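Contents: one structure, followed by commentary.
All of the numbers you see were taken from the coordinates with simple rules; none came from a lab. Everything quoted here is computed from the prediction, not taken from an experiment. Neighbour counts run over all protein chains shown; Cβ positions are idealised from the backbone, glycine included.
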Amino acid sequence: MFIKERTGLNSLESDSDIYELGIVGDDFDELIGEFSEKYKVKIDSYLWYFHADEEGQNIGGLFFKPPNKRVDRIPITPKFLCTCANQGFWNIDYPKHELPKYRFDIIINKILVAGVVIMLGYTIIRKFIN
């Protein structure tokens, strides 16, 4: 019922993968956060990138894989969330994996945004000087 109330999904089975039903990105993350608060589930071990993707465009992701593209996705179902609520903690043993120390995809995105801002600023300044 919690998932139905938060998402408006009508057809939801206990084994439904909530990501496959369209709960993705920030919506997925917010749902897990609200679930944790409502049912007092410790989610310290929760690793978002095994379950969902990131919101928005990631041009840097064309050159360097983001975390969710470096691991196999693990589905989250209402049945699993119910188990976590009863146990009081996020009960997944994630497979061994390594992520890079730095998110080069995000660094590229920031450089691109900075470049656009600098170009716009330069264009505006040139317009007022001439």
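Annotations
- Annotation for the stretch 83-128: chymotrypsin sites (Phe, Trp or Tyr not before Pro) lying in DSSP loop with at most 13 further Cβ atoms inside 10 Å of their Cβ are TYR102.
- A compact globular protein would have a Cα radius of gyration near 2.2 N^0.38 Å; the ratio found for the chain is 1.41.
- Whether the stretch 20-87 is rounded, prolate or oblate, judged on the alpha carbon gyration tensor where a/c under 1.5 counts as rounded: prolate
- Between LYS40 and LYS96, the FRET efficiency from the beta-carbon distance, with R0 = 35 Å, is close to 0.75.
- Largest GNM mean-square fluctuation across PRO100, PRO75, PRO66, computed for the chain with C-alpha springs under 10 Å, falls on PRO100.
- Mean residue ellipticity (222 nm) of the chain, computed from DSSP H runs ≥ 4 via -39,500 (n - 2.57), nearest 500: -14000 deg cm²/dmol
- By the Kirkwood approach, averaging reciprocal distances over each pair of separate Cα atoms, the stretch 1-50 gets a hydrodynamic radius of 11.6 Å.
- Computed over the stretch 2-129, relative contact order equals 29 percent, with contacts defined as Cα pairs under 8 Å that lie 6+ residues apart.
- Largest mean-square fluctuation among ILE111, ILE76, ILE32, in a Gaussian network model of the chain whose springs join Cα atoms under 10 Å apart, belongs to ILE111.
- Local electrostatic count, TYR102, Cβ distance below 14 Å [Lys/Arg +1, Asp/Glu -1]: +3
- Under-5 Å amide H pairs with PHE89, H placed in peptide plane, nonlocal only: LYS42
- Helical segments meeting 24 Å axial Cα length and Kyte-Doolittle 1.0 threshold in the chain (DSSP H): 104-129
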